[in-house]
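One structure is given here, and the rest of the page talks about it.
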Amino acid sequence: MPTINRWRVLTGSVLILLCTGAIYAFSVFAGPLGGAHGWTVPEVQNAFIINGAIAPIPMILGGFIIDRGGARWSITIGAILFALGFILTGSATSTTQLYLFYGLIAGLGQGFAYSGCLNNTIKLFPDRRGFAAGVLTAGMGAGAVIAAPVARALIDSVGVGATFVRMGVVYAVVVVAATLLIRPAPVGFLPPGWTPPTGTPAVVNSTWRQMLRTPAFYLIFVMLTAGAFSGLMIASQLSPIAQTSMFAISAATAALLVSVYSICNALGRFAWGALSDRIGYTNAIAFIYAVVALSLVVLLMVHSTFGFVVGIVGLGLCFGGVMGVFPALTMKTYGPRFQGMNYGILFTGYSVAAYFGPKIGATLGGGAKGDYTTPFVIAIVVALVGLVLTLVLSRLGGAKPASTLTPQRVAAAS
């Protein structure tokens, strides 16, 4: 087996995701974009919706490439597409160009880079999957935390178009340099000096077709959707919720709390990922759902700045945890060989949550009285459903695929 420095690959992947994570700082750009070009808020927001809607395409296609040894190509192409889309967005003069540059090109690039960095790297950490997934997804979350204040300062100084161009050029330099650190994970990689603990079940590498024939797939799919639901609903509505009569928080404080939520999101990805290696992935996810439900109860019952802060801190940490733990759970359940394709398919659950979470928050919350009671109650029910399904999955004891891959079939599938 070829020698590979997994820590160097992890470093390069984190650097790339720190750049592509800027995609989630779009709220900073939205207002200035509309003001500069006379676009309405819904017209501008469509760019972000398109960006999220196409996520399954690069996740699944990128996973297919990664599982066949093309991780470096997938990551490099994705990283360059992302930077190019960012730069081109600075020159957009119509909503069509905005949707093409930011929604499609940057979105595809971000998806390819994320899929490659995440699924290739955690194959190199069979001993610390949760830790690796947590570090990588924390890098993604931290990208928005860093990008938001930088973008705000640049927009005030040189305007929104020049800001996209300047940040895009910097991202291009960083991601191209970081791809030099990337190496594809060898099939069956084991860290030097490490062997699976005694009693560890034999690894079962399931193809995506085999995965779809297992009850565990459908449980994990709905669990991922349920886990991301409340986090995405709050992320999309946090500032308006804070300023309603329920909490009566000022606009300036609400803007600060958006950053607090983003920081908790990034920290939660690392913290829950590392913890899951110690207590088990399903146990960690069960705790996440419990904390989500309790945090939402606080938002329902304690209508004050203190209650709001406690609620969003808990939700931010747990949303990050969902993004940090589920990649590791997928690999544990279905094996590392086809992780790219398998997690890409499961990740469509995130897209489902990205549609319904914000939509329910915006449709059933707000209004003249600014009452988000109904969305909070729905989110609590969704979290409890996720908790129940997690307990069912733990009783199933894993995927139990219809058939396993022999070494010959693994080679053929490669």
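The values are calculated or read from the model by the stated rules, or taken from the named source; none is laboratory data. Quick caveat, the model's predicted, so the values are computed rather than measured. Positions of Cβ are backbone-derived with ideal geometry, glycine not excepted, and every protein chain shown enters the neighbour counts. Remember, those area values only see protein heavy atoms, side chains included, never the ligands or the DNA or RNA. Shrake-Rupley method; radii C 1.70, N 1.55, O 1.52, S 1.80 Å.
R0 = 22 Å: FRET efficiency of Val310 with Ser250, Cβ-based, nearest 0.05?
0.75
Quick one: give the max-minus-min coordinate of the C-alpha atoms of region 128-241 along each principal axis, largest first, in Å.
60, 40, 26
Cut-off 10 angstrom, C-alpha nodes, Gaussian network model of the chain. Which of Leu232, Leu317, Leu190 fluctuates the most?
Leu190
7 Å from Cα along Cα→Cβ at both Thr374 and Thr96: what's the point-to-point distance in nm?
For the pair Thr374/Thr96, the computed spacing is 3.8 nm.
Please give the helix 348-364 orientation as an angle from the longest Cα principal axis of the chain, in degrees from 0 to 90, rounded to the nearest 10.
20 degrees
Excluding ligands, DNA and RNA, what is the solvent-accessible area per residue of region 250-332 at a probe of 1.4 Å, expressed in Å²?
Solvent-accessible surface per residue comes out at 38 Å².
Would you mind telling me the share, in percent, of accessible area of the chain contributed by carbon and sulfur at probe 1.4 angstrom?
70 percent
Quick one: among Leu212, Leu18, Leu180, which has the greatest mean-square fluctuation in a GNM of the chain with alpha-carbon springs under 10 angstrom?
Checking each option, the largest mean-square fluctuation is seen for Leu180.
Once the dipole of the chain is set up with Lys and Arg at +1 and Asp and Glu at -1 on Cβ about the Cα centre, which of Ala274, Ala83, Ala216 lies farthest towards its positive end?
Positive-end residue among those listed: Ala216.
For a quick check of understanding: with a 1.4 angstrom probe and all protein chains in place, what accessible area in square angstrom does Ser304 have, to the nearest ten?
Probe radius 1.4 Å; accessible area of Ser304 about 40 Å².
How big is the dipole moment of the chain about its Cα centre under a simple scheme where the beta carbon of each Lys and Arg is +1, that of each Asp and Glu is -1, and everything else is neutral? Debye, nearest 20, please.
Roughly 1100 debye for the chain.
Taking 0.36 nm per intervening residue step and subtracting the Cα-Cα distance, what contour gain separates Ile146 from Val302 on full extension?
Separation in residues times 0.36 nm, less the Cα-Cα distance, equals 53.1 nm.
Can you put Ser27, Ser236 in order of accessible area, largest first, using a 1.4 Å probe?
Ser27, Ser236
Test of understanding: express the Cα radius of gyration of region 51-136 as a ratio to 2.2 N^0.38 Å, with N the residue count.
Normalised Cα radius of gyration, region 51-136: 1.19.
Give me the angle, in degrees from 0 to 90, between the Cα long axis of helix 305-334 and the longest principal axis of the Cα atoms of the chain, rounded to the nearest 10.
30 degrees
Under a crude label model (7 Å from the Cα following the beta-carbon direction), how far is Val381 from Ala36 in nanometres?
The answer from the label model is 4.3 nm.
If I take every Cα pair under 8 Å that is 6 or more residues apart in the chain, average their sequence separation and divide by the length, what percent do I get for the relative contact order?
Value for the chain: 25 percent.
Could you give the accessible area per residue of region 137-183, probe 1.4 Å, as a whole number in Å²?
So region 137-183 comes to 41 Å² accessible per residue, rounded to a whole number.
In degrees from 0 to 90, rounded to the nearest 10, what is the angle of the helix 71-89 Cα long axis to the longest principal axis of the chain?
10 degrees
For region 236-251, what does the Karplus curve 6.51 cos²θ - 1.76 cosθ + 1.60, with θ = phi - 60°, yield as ³J(HN,Hα) per residue in whole Hz, taken in order and with x for Gly and Pro?
Karplus-based 3J(HN,Hα) across region 236-251 equals 7, 10, 4, 5, x, 4, 4, 8, 6, 5, 5, 10, 6, 8, 5, 4 Hz.
What is the spin-label model distance, in nm, from Thr195 to Val158 if the labels are put 7 Å beyond Cα along the C-beta direction?
5.7 nm
Note down the accessible area of Phe189, probe 1.4 Å, to the nearest 10 Å².
20 Å²
Under a 1.4 angstrom probe, counting protein chains only, how are Met301, Met233 ranked by accessible area, largest first?
Largest to smallest exposure gives the sequence Met301, Met233.
Quote the convex hull volume per residue of the chain, based on C-alpha atoms, as a whole number of Å³.
Cα-based convex hull of the chain, divided per residue, equals 125 Å³.
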